Amino acid sequence: SQKIEQNSEALNIQEGKTATLTCNYTNYSPAYLQWYRQDPGRGPVFLLLIRENEKEKRKERLKVTFDTTLKQSLFHITASQPADSATYLCALEIGDKIIFGKGTRLHILP
Amino acid sequence: KAGVTQTPRYLIKTRGQQVTLSCSPISGHRSVSWYQQTPGQGLQFLFEYFSETQRNKGNFPGRFSGRQFSNSRSEMNVSTLELGDSALYLCASSTGGFGDTQYFGPGTRLTVL
């Protein structure tokens, strides 16, 4: 069955450094992959979408890569700030459904 | 443009009861998807409605059902509540196109005692 794994339950990064989050998947070839941010007590907020024929996508301090051979996406936040602390979810299109990973909690330490 | 709204925000029920949750999508959006979020399982897809028809369904028992009205508002119903149904229930709206961004509501926190 389809499995989506995000690299760890919690990631602590020093302010100003680059945070890198990983999303691995198995048994499927999604047409696109999305990244969302979720703050406590709130619904997820869409950040970026990357399609299977795109290697990299950028938006301000955010960068996403998509390696369909490795079945992996990397999500980077450069010049990280305490306000970037949140849970980050990756989501894959699978058979017209959007399936989410369990998320990685990111803490940016001042 | 107003965002996705969900009511109620918090709900406490006892085992065996049934519950109805409501979701009002962004104006113009015809797709509404429902998700259950728990610490152990993460965000799990329940079902999606598009133009009043269920278009996709996740792997949840038949106690979980939904519907969508002509104004795209959607309701989700859970019958015969179990303790394990305690979760944050999120709805998300979109235009319904392939790869379209989903806009989530704040969720309804359901506690089953």
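The values are calculated or read from the model by the stated rules, or taken from the named source; none is laboratory data. None of the values given here were measured: they were computed from a predicted structure. Positions of Cβ are generated from backbone atoms using ideal geometry, with glycine treated the same way; all protein chains shown enter the neighbour counts. Accessible surface is based on the protein model in full, side chains and every heavy atom, while ligands, DNA and RNA are left aside. Shrake-Rupley method; radii C 1.70, N 1.55, O 1.52, S 1.80 Å.
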The correct count of residues that are touching a residue at least 12 places away in the same chain (Cβ under 8 Å), over 13 Å from B:GLN44 (Cα atoms) and surrounded by fewer than 21 Cβ atoms within 10 Å (Cβ to Cβ) in segment A:95-109 is 4
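Where residues in segment B:81-110 are farther than 30 Å from A:ASN53 by Cα and over 15 Å from the mean Cα position of the chain (by Cα), which of them is least open to solvent (accessible area, probe 1.4 Å)?
Among those that are farther than 30 Å from A:ASN53 by Cα and over 15 Å from the mean Cα position of the chain (by Cα), it is B:LEU81.
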Counting only residues in segment A:13-46 that are assigned to a loop (DSSP other than H, G, I, E, B) and small (Gly, Ala, Ser), the one most open to solvent (accessible area, probe 1.4 Å) is identified as A:SER29
From the option list A:GLN38, A:GLN72, single residue qualifying as within 14 Å of another protein chain (Cβ to nearest Cβ) and under 13 Å from the mean Cα position of the chain (by Cα) is A:GLN38
Next on the checklist: When you check B:GLU75 against the structure, is it part of a strand (DSSP E or B) and within 12 Å of another protein chain (Cβ to nearest Cβ), yes or no?
Outcome noted: no
* With respect to A:LEU49, is the statement that it is at pLDDT 95 or above and either within 11 Å of chain B (Cβ to nearest Cβ) or open to solvent by 20 Å² or more (accessible area, probe 1.4 Å) (or both) true? -> no
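Name the residue, out of A:ALA10, A:ALA86, that is closer than 17 Å to A:HIS107 by Cβ, of a type outside the set (Ser, Thr, Tyr), in contact (Cβ under 8 Å) with a residue 60 or more places away in the chain and within 14 Å of another protein chain (Cβ to nearest Cβ).
Working: A:ALA86 fails: in contact (Cβ under 8 Å) with a residue 60 or more places away in the chain.
On inspection, the qualifying residue turns out to be A:ALA10.
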Scanning segment B:1-57 residue by residue, those over 12 Å from B:GLY107 (Cα atoms), among the charged types (D, E, K, R) and outside any strand (DSSP E or B) turn out to be B:LYS1, B:ARG15, B:ARG30, B:GLU52
Taking first residues from segment B:35-49 that are more than 9 Å from every other protein chain (Cβ to nearest Cβ) and over 14 Å from A:LEU89 (Cα atoms) and second residues anywhere that are of a type in the set (Val, Ile, Thr) and open to solvent by less than 20 Å² (accessible area, probe 1.4 Å), the pairs with Cβ under 9 Å that are 6 or more apart or on different chains are B:TYR49/B:VAL32
